[in-house]
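Quick note: the coordinates plus some simple rules give every number you see, no bench work behind them. What you see is a predicted model; the values in this text were computed from it and never measured. Positions of Cβ are generated from backbone atoms using ideal geometry, with glycine treated the same way; all protein chains shown enter the neighbour counts.
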Amino acid sequence: MRYLNRRRFEAIVFLIIFIGFFVYMSHIMGTKNLLSTIMNTAHDLLLNTVFYLMAITVLAGALGKLLIEFGIVRLLEYILAPLMRPLFNLPGVAAMGGLMTFLSDNPAIISLANDKNFTSYFKKYQLVSLTNFGTAFGMGLIVITFMIGKGFFEASLIGLLGAIVGAIISTRLMQFFVKDYFPKEDVIIYKNLESNIKFDSQGSVFMRILNAILDGGKQGVNLGLAIIPGVLIISSVIMLLTFGKLDPTIGYQGLAYEGVPLLPKLGSYVTGIFKVLFGFNNAELISFPITSLGAVGAALSLVPKFIEQGLVGANEVAVFTAMGMCWSGYLSTHTAMLDTLNFRELTSKALISHTIGGLCAGISAHYFMSLFNYIF
């Protein structure tokens, strides 16, 4: 009975919010214009953003598979291993997790967490913090490639540096929050830093190249398809609440990217804070980090519109890159990862740690960019 009452209460609350949102938007834009704008925005996002992102994911997927096939990832893991302990308090093999999520997406860290061969290198409090570490680099190659494609090479690399800072803070905070959660005897002793995870390669060099490209490209297609709901649904709603009339002299026309600028209005109350922390001069820009919480692919779809309106420069792109990589839809990934590790009760600690880490990533990127501009 109590469960049924709770479900009814949820249904009533949802209906109030949903109807209230629709009535509010319709009252300002007109019902016909609102519906037309939703359809036109989703259609334009699909054609001009999703397919562009899918092209990047296919190419990045093929490149990532080639790097794995010919041992480049293993070499990078060996090079990065000495940095894992002092920076992240993780065994050297953790570099594999960061590289895999950087080359693909957050689910890569979940697959590694299921590999007993991999997890045996971690103490349990470190293994739990791997959730934060891996997520901080999710879709990194895709985000950086996207920003470079828009003409921001230096800014995207500075954003990567900011994401690393965010990853360090998020991972260390998570370890601090959960270390006392595990008894002293309930730890796994370190092995040496040599990983036993194997990438078996068979066939001629030509066939290995061909198979890697095709398999990686296929994974890129799947990732491109996976981001469609986030881009079309989340981004459409965010844009409805970010941009106003395209032509104020005419009014609402039901065109793509029209809406009610509610988020900028709310953001205007804290513009000074965002200016100091991230160097944002326009309140509309807060929609990018907000969208990154759910899906970084959806957040990237906002960037072309910002560029078109002249709202972003190198500093904003650096901050977007850092926060987009570091957060990269962690609200869903952390729950799935900790559920896989049977530590669902630690989800709130992981989310708090990563929220702080993402904010620090954006702040770091802003001040790194300011230092870069000062020097050069």
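With neighbour counts taken as other beta-carbon atoms within 10 Å, the residues PHE320, PHE118 rank, fewest first, as PHE118, PHE320.
Within the listed set GLN309, GLN126, GLN253, the Gaussian network model of the chain (springs between alpha-carbon atoms below 10 Å) gives the highest mean-square fluctuation for GLN309. In the chain, the DSSP-assigned H stretches of four residues or longer account for a calculated mean residue ellipticity at 222 nm of -22000 deg cm²/dmol, using -39500 (n - 2.57) per stretch and the full residue count as denominator.
Centroid-to-centroid, using Cα positions, segment 14-82 and segment 237-316 are 16 Å apart.
Rounded to the nearest 0.05, what FRET efficiency do ILE17 and LYS218 give with R0 = 45 Å and r taken as the Cβ-Cβ distance? Could you check? The calculated FRET efficiency here is 0.70.
GNM on the chain, alpha-carbon springs under 10 angstrom: the most fluctuating residue among ILE238, ILE213, ILE16 is ILE16.
On full extension, the segment bounded by LYS265 and SER348 gains 26.9 nm, given 0.36 nm per residue less the C-alpha separation. The H on the amide N of GLY71, modeled in the peptide plane, is under 5 Å from the matching H of no residue at least 5 residues off or on a different chain. For segment 265-376, the dipole from Cβ point charges (+1 on Lys and Arg, -1 on Asp and Glu) about the Cα centre works out to 140 debye, to the nearest 20.
From the Kirkwood radius over Cα pairs of the chain, Stokes-Einstein at 37 °C and 0.692 mPa s returns a whole-number translational diffusion coefficient of 149 µm²/s. Debye-formula intensities of segment 220-342, expressed as log10 I(q)/I(0) at q = 0.16 Å⁻¹, are -0.82 (one equal scatterer per alpha-carbon, no solvent). On a 0 to 90° scale, report how tilted helix 347-375 is relative to the longest principal axis of the chain, with both axes built from alpha carbons and the result rounded to the nearest 10. Between helix and principal axis, roughly 80 degrees. The C-alpha atoms of the chain define a longest principal axis, and helix 330-340 lies at about 40 degrees to it. Put in line by how crowded their Cβ is, counting other Cβ atoms within 10 Å and starting with the fewest, CYS360, CYS326 read CYS360, CYS326. Cβ crowding within 10 Å ranks ARG344, ARG7, ARG172 as ARG7, ARG344, ARG172, fewest other Cβ atoms first. Note on ASP247/ARG6: beta-carbon distance plugged into 1/(1 + (r/R0)^6) with R0 of 45 Å gives a FRET efficiency of 0.45. With contacts taken as Cα pairs under 8 Å and at least 6 residues apart, the chain reaches a relative contact order of 26 percent.
Candidates GLY259, HIS334, SER235 compared by Cα position along the dipole of the chain: farthest toward the positive end lies HIS334, with charges placed on Cβ. Computed about its Cα centre, the charge dipole of segment 28-375 is approximately 420 debye, with only Lys, Arg, Asp and Glu carrying charge at their Cβ.
Taken about its Cα centre, segment 1-121 carries a charge dipole of about 540 debye when Lys and Arg each add +1 at the Cβ and Asp and Glu each add -1 at the Cβ. With axes computed from alpha carbons, what is the tilt in degrees of helix 124-135 against the longest principal axis of the chain, rounded to the nearest 10 within 0 to 90? In the chain, helix 124-135 runs at an angle near 50 degrees to the longest axis.
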